[in-house]
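One structure is given below, encoded as structure tokens.
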Amino acid sequence: MTDNQAPFLSRPTVRMGLVAAGAALATILVMALYANVSTRKAEAKQTTVNVVGLDETTVDPAIWGKNFPRQYDGYLRTAEKYSTTYGGAGSEGMPKSRIQEDPRLVSIFDGYAFAIDFNQRQGHAYMLDDQRVTKRVTERKQPGACLHCHASNTVAFREQGLKQGAPGKLDEPFNSANGQAQLMAGFEAVCKMPYGEATKLVQHPVACIDCHDPKNMSLRVTKPGFIRGIAALAKSAEPVPHLPSIEKWRKGDKAVAYDANRDASRQEMRSMVCGQCHVEYYCGPKTTLFFPWDKGLKVEQIEATYDEYKFSDGKRFFDWKHAKTGAEVLKAQHPEFEMWSQGVHARSGVSCADCHMPYVREGALKISDHHVKSPLLNVSRACQTCHRFPEDELKARVATIQARTKALMDRAEDAVVALINDLDAAKKAGLDEAKLAPIFEFQRKAQWRVDYVNAENSMGFHAPQEAARILAESIDYGRQGQLALKALTEGGKLASAKPKK
Ligand code: HEC
Ligand code: HEC
Ligand code: HEC
Ligand code: HEC
Ligand code: HEC
């Protein structure tokens with residue numbers, strides 16, 4: 001009987017078994033391959049190689065760089081100098097001087113530190129050194145608060161907080177109650193120190209730990225001014241459709257304050273990490289550094305917040321008294337986050353990182369370009385991913401927006417300088433300062449607006465129409481001020497001597 005038996009492999013049952021086993025094996029192989037590919041994809045996504053352990057005490061970016069060499073390499077390249085028509089600080093040597101390029105600024109800032117030293121910004125690698133050597137620091141007394149945006153201070157603040165008696169330990173999670181208590185106590189303490197003392201507490205410019213959670217690399221905000229400022233903005237009634245997580249928080253019970261690290265989406269965080277520093281702020285001896293966002297992010301809302309603000313000495317808010325006229329005026333600083341908020345890109349969900357840190361392919365990996373710089377050096381990756389226009393066309397659109405903004409800004413600066421000169425002449429002619437008080441309000445408003453656009457670093461690109469609106473108001477307030485002063489000196493009625501909206 002054995003002879004009659006079909007060969008083993010031809011028996012139907014065995015054949016079926018084999019086919020099944022083969023299929024199973026194939027499936028296993030495919031699955032294994034798939035698993036392999038997915039891990040590689042995941043690796044590519046995270047670009048994580050855990051060479052070293054990172055925790056809440058790892059400040060030095062070189063250590064993070066062991067796990068993420070590509071991002072670290074880009075980060076180091078922020079030391080490369082460049083210049084575009086309005087961006088960068090020049091390709092070599094010292095950064096270009098903004099007051100030498102535009103001497104009107106010296107009259108506009110007369111009596112304030114910006115009249116003695118004010119340069120073009122340069123790359124992140126320079127932020128700490130540039131602050132240490134500016135004449136605004138070496139020739140004027142400045143508070144430790146200046147360091148808020150010029151150093152990696154997440155750990156330094158927490159260490160100082162612990163010294164102030166804040167609870168817990170340094171290696172507790174940043175977002176834990178203890179971590180936050182340490183941060184805020186340290187921030188308050190460092191703000192009050194003299195700059196020379198505070199700057200000894202830090203060693204690096206903005207670093208990985210200031211934007212990333214060391215446990216999983218997700219984005220986070222760590223700067224106390226932003227954490228408080230964005231919570232104040234959330235509490236206001238001002239619509240912020242470009243920040244949907246705030247709109248969502250407002251619909252809830254609002255029992256706990258808005259917290260970007262808990263509430264914001266990843267896309268929002270891709271702008272908020274920059275909004276930690278690229279914003280208007282108060283940083284002086286009279287109170288702790290703050291972002292003036294209680295009424296919203298628009299130029300007149302910030303102005304209204306300042307106008308209502310009273311220092312502990314009972315005086316109203318002003319940054320300095322103009323040396324020539326005596327007017328109590330405001331200084332604007334780099335309101336990139338605020339200006340971006342008014343533009344069509346923000347409204348369309350385009351983040352700072354989309355343009356300033358676009359994805360770059362490195363072999364099989366897609367990473368974010370940590371060489372933060374002008375997108376005009378990088379139009380193909382920064383713009384053409386969304387706009388299907390040739391590079392020259394996109395550059396020309398930016399150039400047109402910037403040239404228009406600059407032309408309007410020149411007129412606004414001329415108007416402010418003309419008002420300052422008229423006020424100066426009126427004082428020299430013996431006109432009593434008390435009588436001039438209403439005219440000072442025109443100077444304050446006109447100067448605040450032109451400075452806001454000048455201090456904003458995109459020369460209008462981040463929100464072209466908004467920049468034009470602000471400059472038009474500046475020109476109007478400057479010229480209204482001159483007319484009111486003329487009426488005063490010619491003995492006319494002062495009926496119109498209140499800035500009209
Ligand atoms: C749609 C793209 C886009 C978005 C979004 C965007 N920017 Fe810009 N930004 C530009 C362009 C274009 C310039 C002009 C660059 C130049 O003149 O070289 C610029 C200029 C700047 C500059 C000066 C650059 C230099 O080289 O000196 C800074 C700083 C800046 N942006 C910060 C920000 C911040 C912060 C945000 C988010 C709140 C933001 N930008 C959002 C496109 C963008
Ligand atoms: C810790 C504060 C801080 C954070 C966070 C920060 N910046 Fe900056 N940024 C600065 C300072 C300060 C400078 C100017 C440094 C100098 O001139 O020495 C600067 C300069 C720049 C420049 C000019 C670069 C050049 O080479 O001229 C660009 C563009 C820029 N930042 C964009 C961004 C973007 C986009 C983000 C978010 C991804 C961001 N920054 C986050 C503080 C910060
Ligand atoms: C809220 C964040 C923030 C604070 C606080 C801050 N800066 Fe800056 N600083 C920036 C950013 C952003 C830039 C780059 C953009 C620019 O130059 O407009 C910058 C640029 C600078 C520069 C290079 C360009 C220039 O203006 O010459 C110097 C110097 C500087 N800051 C000094 C100071 C001093 C001094 C203080 C304290 C009085 C201070 N900063 C406080 C964010 C800040
Ligand atoms: C000013 C904020 C900022 C600093 C400082 C910063 N990063 Fe990032 N980083 C970003 C942003 C924005 C992204 C994009 C994240 C996203 O889209 O989820 C990113 C993404 C990453 C990612 C995810 C993969 C990728 O490339 O998109 C890694 C890894 C990373 N950064 C490493 C580092 C390291 C290492 C350092 C320090 C050498 C560093 N980062 C410093 C803002 C920052
Ligand atoms: C992530 C997508 C995205 C990126 C990146 C992007 N844009 Fe845009 N851009 C948009 C959208 C969306 C609009 C709104 C108009 C529309 O729907 O086409 C817009 C509008 C514009 C406008 C007309 C509106 C205005 O503000 O005047 C210009 C000019 C422009 N973009 C230039 C640029 C340049 C230059 C870059 C690179 C520095 C860039 N964009 C990067 C998506 C993008």
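Every number here is computed from the coordinates shown, using simple stated rules; none is lab data. Since we're looking at a predicted model, the values are computed, not measured. Note that each Cβ is placed from the backbone with ideal geometry, even for glycine, and that neighbours are counted across all protein chains shown.
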Enumerate the amide H contacts of PHE290 below 5 Å, restricted to partners 5 or more residues apart or on another chain; note that Pro and chain-start residues carry no placed amide H.
TYR282
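Using the Kirkwood formula on the Cα atoms of the stretch 294-349, what hydrodynamic radius do you get, in angstrom to one decimal? Walk me through the intermediate numbers first.
Values: mean 1/r = 0.0761 Å⁻¹.
In the stretch 294-349 this quantity evaluates to 13.1 Å.
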Where does the chain land at 222 nm, in deg cm²/dmol rounded to the nearest 500, when only DSSP H runs of n ≥ 4 count, each adding -39500 (n - 2.57), divided by all residues?
-15500 deg cm²/dmol
Any idea what angle helix 12-46 forms with the longest principal axis of the chain, computed on alpha-carbon atoms, 0 to 90 degrees, nearest 10?
20
Convert each backbone phi in the stretch 180-193 into a coupling constant with the Karplus relation 6.51 cos²θ - 1.76 cosθ + 1.60 (shift: θ = phi - 60°), then list the ³J(HN,Hα) values in order as whole Hz, x for Gly and Pro.
5, 5, 4, 4, 5, 5, x, 4, 4, 5, 5, 3, 7, 5
Compute the relative contact order of the stretch 367-484 as a whole-number percentage, counting only Cα pairs closer than 8 Å that sit 6 or more residues apart in sequence.
33
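Can you check what the net charge comes to around ASP369, using other residues whose Cβ is under 15 Å from the Cβ of ASP369 (Lys, Arg +1; Asp, Glu -1)?
Computed value for this residue: +3.
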For a label point 7 Å along the Cα-to-beta-carbon line of VAL51, residues of the stretch 61-91 with backbone N under 19 Å:
61-78
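What ranking, highest mean first, results for peptides 77-88, 199-210 when packing means the other Cβ atoms within 10 Å averaged over each residue? If you can, show how the numbers build up before the last one.
On the way: 77-88: 16.6, 199-210: 20.8.
The packing order, highest mean first, is 199-210, 77-88.
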Using +1 on the beta carbon of Lys and Arg, -1 on that of Asp and Glu, and nothing else charged, what's the dipole of the chain about the Cα centre, debye to 20?
560
Around ASN119, which amide H atoms from residues at least 5 apart in sequence, or from another chain, sit under 5 Å from its own amide H, with H modelled in the peptide plane?
ARG98
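Which links in LYS141/LYS321; LYS223/LYS366; LYS81/LYS366; LYS169/LYS192 stretch past 20 Å when you go from one Cα to the other?
Working: LYS141/LYS321 16 Å; LYS223/LYS366 28 Å; LYS81/LYS366 25 Å; LYS169/LYS192 23 Å.
LYS223/LYS366; LYS81/LYS366; LYS169/LYS192, as the Cα separations exceed 20 Å there.
For Cα pairs less than 8 Å apart in space and 6+ apart in sequence, what is the mean separation divided by the residue count of the stretch 114-263, i.e. the relative contact order in percent? Mind dumping the intermediate values first?
Values: 189 pairs, mean separation 32.2, N = 150.
Taking the mean separation of contacting Cα pairs over the length of the stretch 114-263, I get 21 percent.
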Given H placed 1.01 Å from N in the peptide plane, which residues other than close sequence neighbours of TYR359 have an amide H under 5 Å from its amide H?
ASP369
Tell me, what HN-Hα J-couplings in whole Hz come from the Karplus equation 6.51 cos²θ - 1.76 cosθ + 1.60 at θ = phi - 60° for each residue of the stretch 144-156, using x for Gly and Pro?
x, 4, 3, 6, 3, 10, 10, 7, 7, 10, 3, 6, 4
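Express in nm, to one decimal, how much length is gained between SER265 and ARG121 on full extension, taking 0.36 nm for each residue of separation and deducting their alpha carbon distance. Present the calculation step by step, with values, prior to reporting the outcome.
Details: separation 144, 0.36 × 144 = 51.84 nm, distance 2.93 nm.
My answer for the length gained is 48.9 nm.
Going by average Cβ neighbours within 10 Å, how do the peptides 183-190, 370-377 rank, with the highest at the top?
Working: 183-190: 22.1, 370-377: 19.9.
Those peptides, ordered most packed to least, come out 183-190, 370-377.
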Report the charge-dipole magnitude of the stretch 391-489 in Debye, nearest 20, computed about the Cα centre from +1 at each Lys and Arg Cβ and -1 at each Asp and Glu Cβ.
260
Can you work out ³J(HN,Hα) from phi for every residue in the stretch 209-219, in order, using Karplus 6.51 cos²θ - 1.76 cosθ + 1.60 and θ = phi - 60°, giving whole Hz and x for Gly and Pro?
5, 6, 10, 10, 7, x, 6, 9, 6, 5, 6
Give me the distance between the Cα centres of the stretch 44-105 and the stretch 275-320, rounded to whole Å.
29
With no solvent term and unit scatterers on the alpha-carbon positions of the stretch 61-382, Debye gives log₁₀ I(q)/I(0) at q = 0.07, 0.09, 0.13, 0.15 Å⁻¹ of -0.29, -0.48, -1.09, -1.52
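Quick one: compute the contact order of the stretch 61-382, relative version, from alpha carbon pairs under 8 angstrom and 6+ residues apart, as a percent.
Values: 505 pairs, mean separation 54.2, N = 322.
Answer for the stretch 61-382 is 17 percent.
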